[in-house]
Amino acid sequence: MVVEIVGEAIAGRAATVRRNLMSLVSSLQVNEFDLAELLCEADEHNYYAGWGFSSRSEYAAQELGLKERKAQYLARIAKVCKAVGLKRAQFEPAGKSKLREITTLNPAASFWNAEKKQSEDMAEHIVRLILDSDKMNLEQVRDEVLRLQGRLGPDRPVTRSYTVPRSVNEEVIKPAFELIRRRLGSQGRDDEGAAQDYSDGVVLECICADVLSDIHNQPEEPIEFYIEPDDDTSEPLPIPQEEE
């Protein structure tokens with residue numbers, strides 16, 4: 001009897017979450033933090049399966065019309081803030097853009113402080129960045145996140161943008177990227193437990209590395225000729241004259 005009551009309560013809550021999500025995305029003045037918290041709850045209890053979807057991504061795209069990346073970072077904002085013990089009133093003032101950067105940090109990880117020669121909880125740094133976000137602009141927040149991830153110096157990420165014809169993208173670039181991803185396999189699991197492909201940046205690095213390592217693509221070494229200098233500095237011999 002208790003199990004049935006609990007099951008009914010969960011089903012009722014799942015229905016409420018789904019109804020609220022649909023109501024929010026249809027509103028002209030949607031608060032994305034409301035979306036974030038409901039998506040996080042749906043993640044925790046896997047409501048998607050009961051709604052007939054295989055994942056958050058599928059549900060968000062088909063029923064809410066949200067792009068996969070947006071649904072992912074909204075849910076992660078709420079999940080990370082909850083993991084470090086911050087309430088909505090504490091993290092919402094930081095704003096979506098800064099929170100999106102800060103919550104790429106793993107609250108279960110640690111940061112090695114080389115100056116103090118000690119390991120520090122990443123969760124404490126996440127709390128610090130969120131609560132002090134009003135003292136930094138977005139670029140400063142991003143730099144601090146990269147520092148905590150150990151991605152400064154030569155490992156600092158660089159964004160590059162290229163424009164190609166649609167036919168080239170569909171017939172050349174996409175098939176090439178897919179071949180490399182097959183070779184690399186999966187880089188692990190995302191927060192939904194689904195296999196995660198390597199990023200376009202990693203794929204492009206592999207393609208360029210293949211080109212550079214192919215001996216046929218190396219420039220030919222110029223052929224150098226050695227000409228031995230003429231050391232004969234003697235005066236030329238006189239031409240003999242015929243006697244008259």
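Tell me which residues, restricted to the range 87-105, are buried (at least 18 other Cβ atoms within 10 Å of the Cβ) and either of a type outside the set (D, E, K, R) or in contact with a strand residue (DSSP E or B) (Cβ under 9 Å, 6 or more places away or on another chain) (or both).
Across the range 87-105, the qualifying residues are 91, 94, 99, 102, 103, 105.
List the pairs whose first member sits in the range 126-155 and is touching a residue at least 12 places away in the same chain (Cβ under 8 Å), whose second member is part of a helix (DSSP H, G or I) and surrounded by fewer than 15 Cβ atoms within 10 Å (Cβ to Cβ), and whose Cβ atoms are under 8 Å apart, counting only residues at least 6 apart or on separate chains?
Listed by first residue and then by second, the contacts come to 130/90; 131/90; 133/93; 134/93; 138/97.
Which ones in the range 111-139 are outside any helix (DSSP H, G or I) and acidic (Asp, Glu)?
115, 120, 121, 132
Which residues, taken from the range 58-71, are under 21 Å from residue 11 (Cα atoms) and small (Gly, Ala, Ser)?
Result: 60, single match.
Out of 141, 127, I need the residue that is at pLDDT 95 or above, in contact with a helix residue (DSSP H, G or I) (Cβ under 8 Å, 6 or more places away or on another chain) and of a type in the set (A, V, I, L, M). Which one?
141
Checking the structure you have, find out if any residue of the range 59-66 is surrounded by 14 or more Cβ atoms within 10 Å (Cβ to Cβ), on the phi > 0 side of the Ramachandran plot, assigned to a loop (DSSP other than H, G, I, E, B) and not assigned by TED's automatic domain parsing to the domain that holds residue 137.
no
When you look at residue 108, is it in contact with a helix residue (DSSP H, G or I) (Cβ under 8 Å, 6 or more places away or on another chain), within 30 Å of residue 21 (Cβ to Cβ), surrounded by 13 or more Cβ atoms within 10 Å (Cβ to Cβ) and among the small types (Gly, Ala, Ser), yes or no?
Here the answer is no, as residue 108 does not meet what is asked.
Which ones in the range 151-167 are over 17 Å from residue 202 (Cα atoms) and surrounded by 11 or more Cβ atoms within 10 Å (Cβ to Cβ)?
152
List the residue pairs whose Cβ atoms are under 7 Å apart, where the first residue sits in the range 1-30 and is assigned to a helix (DSSP H, G or I), the second is modelled with pLDDT under 70 and among the hydrophobic types (A, V, I, L, M, F, W, C), and the two are 6 or more positions apart or on different chains.
What qualifies is 24/30.
The values are calculated or read from the model by the stated rules, or taken from the named source; none is laboratory data. Please read all numbers here as calculations on a predicted model, not as lab measurements. Positions of Cβ are generated from backbone atoms using ideal geometry, with glycine treated the same way; all protein chains shown enter the neighbour counts.
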